[in-house]
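The values are calculated or read from the model by the stated rules, or taken from the named source; none is laboratory data. Here the structure is a predicted model, which is why all the values come from computation and not from measurement. Cβ sites come from the backbone with ideal geometry, for glycine too, and all protein chains shown count toward neighbours.
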Amino acid sequence: MKYKNFLYKLLSRFSPNFNEEISSLLYEKSDITIFDIGFYKGSFTKDIVLRLSSNKNIKTIEVTSFEPNTSVNQNEFKNFAKKYKLIWNHYTNAVGNINGYEDFTILENFPPSGSSLQNILVDSLWLKTRKFLFSPFTNKKINFKTVKVEVKKLDTMFANQSKMDILKIDVEGFSYEVLLGSISLIKKLKPIIQVEVLSKKKNFNIQEKKLKTLMKELGYLESSKKKHFTTHWVSDIICIDYLFVPFK
């Protein structure tokens, strides 16, 4: 377990993020609202909050988070939210482009990387090589668990929402569907959007084009783009994060 935790921490240092850029875009605001979809244990939101904690102009930070994997322990973030006086609303439904129920796959060996409504990692070379990397001296099999979860559109859940400064989407291959279910909110509130495209290499260009076309239609410019290089090593998967900002 110590070896696996060490690798998680090491690889996370090489994971791209736009947190400094996002924080600078928010620095003049006094009240900040973050929507974090694909929350897991809240590392994205924590980092943004810590970067903004020295800004005396900020009065409130409200966090709305989504994590359908209910086995994830949220006590650490609960304590963090209390310490930094966050307004925190946490939901365990999934977010998508329908209102209904769908199968949610949890990759128990790698829960932060492989839990999704559209799990493309199940039969991937990425999974086979990561299993060897994280458990090289064991024959431990790869475990999946599928649970039925409620799926809701953000447009349905937050039709009366009046503020959203950041929309972060990290849902392992299901980002486009989340955006489709959030179009009205995005058009109305114009948040900064960080979104991930996770795809098999053979399909990546199609998935990237779909995302960029939609974001352009919604009135957004691509501000930054960063590859997850550790995902690409000995892998059939591509993972790239994008930062979009609304047209002025």
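Of everything in the stretch 66-97 that is in contact with a Gly (Cβ under 7 Å, 6 or more places away or on another chain) and part of a loop (DSSP other than H, G, I, E, B), the residue that is farthest from I166 (Cα to Cα) is N97.
Across the stretch 49-65, which residue is surrounded by the fewest Cβ atoms within 10 Å (Cβ to Cβ) among those that are of a type in the set (G, A, S) and part of a loop (DSSP other than H, G, I, E, B)?
S54
Of all residues in the stretch 21-41, those that are modelled with pLDDT under 95, surrounded by fewer than 23 Cβ atoms within 10 Å (Cβ to Cβ) and either aromatic (F, W, Y) or within 20 Å of Q74 (Cα to Cα) (or both) total 3.
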